[in-house]
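Take a look at the structure set out below.
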Amino acid sequence: MRILVIKLGALGDFVQAMGPAAAIRAHHRDDDITVLTTAPYVALAEAAPYFDRVWIDRRPHAFDLVGWWRLRRHLRHGTFDRVYDLQTSGRSSFYHWLMGRPQWSGIARGASHPHRNPQRDLMHTLERQAEQLRLAGIDAVPPPQVSWAALDVAHFGLSPRLLLLVPGGSAHRPLKRWPAENYAALAALAARHGLTPVVLGGAAERHLAAVICQRAPEARDLTGRTSYGEIVGLARIAWRAVGNDTGPMHLIVAAGCAATVLYSAESDPALTAPRGKDVRVLRRTRLADLPVSEVAATLGLGESAAAVAGGRAP
């Protein structure tokens, strides 16, 4: 059989789809599997042991008729026997019609293996995807893991006992971010306990790293300097990670790193939180109200609020 898996993004969603991807590979052990994703996740998809090839969806705009025609032709030429739509969006469901209606696992109208649970949007992503695949005949869905993506990180010259800090997140949702000053106070506290804070994120988040490194000179700023594979490599040797509800935290947890993940009212951990063997979730309606001392306690760095200079007392 020729199988297509659709997972367009974002990063956290792509990572959480790796358990289902492993299950699909196990179920279709001798079949040919293609994944359709977007450009930012091609390197991850190519590294994954679950796919025979990677296709890029360039996501044509509504009135890009030539783009839609090219996408339709490309998908139909794939002659896929079955599609597992792990994106389950209106856009990806439209591809069911675009492709001439092959066997389909998802929410598209007329799907051969529909996921019609009316509570599906209230389920955690991992449970929702597992139920979708169970209805398509795939019973065993493992947790996502990305050890296969790990790249060597020796060139960063980092000492042992790393504390990964992920202070960024969606630029258009700033309320999902714990204040950079609080990360700075946590980094200074961690350094006093012999840890090396390492700040991760995109180039657009270098200003956050600057705030942290000014307060904690022992911290290393790797914002804009790591690939996804290098983040996985760092996560596999790190002592722990602390970060906001953002894609790299899913990558870090799926690499097996212990983590503390910070949530505001902007998102619901019951639906999206990364799951791992040692994951702590802390939540406040406003993340600015979450004290440094409470986050530090999840790391075993219990000090008085007064000792956490620059933090917020409980």
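General observations
- Gyration tensor verdict on region 149-298 (Cα atoms; rounded if a/c is under 1.5, prolate if a/b is larger than b/c, oblate otherwise): rounded
- Between Ser170 and Leu135, full extension at 0.36 nm per residue minus the direct alpha carbon distance yields a gain of 9.3 nm.
- Cα gyration tensor, region 2-144 - rounded (a/c under 1.5), prolate or oblate: rounded
- Three-way shape call for the chain based on the alpha-carbon gyration tensor, with the a/c threshold at 1.5: prolate
- Highest-fluctuation residue, Thr223, Thr79, Thr34 considered, GNM on the chain with Cα pairs under 10 Å: Thr79
- Gaussian network model of the chain, Cα within-10 Å springs - most flexible of Asp64, Asp121, Asp81: Asp64
- Cα centroid of region 146-207 to Cα centroid of region 251-277, whole Å: 15 Å
Bear in mind that the values in this text are calculations on the coordinates, not laboratory data. Values in this document were obtained by computation on a predicted structure and should not be read as measured data.
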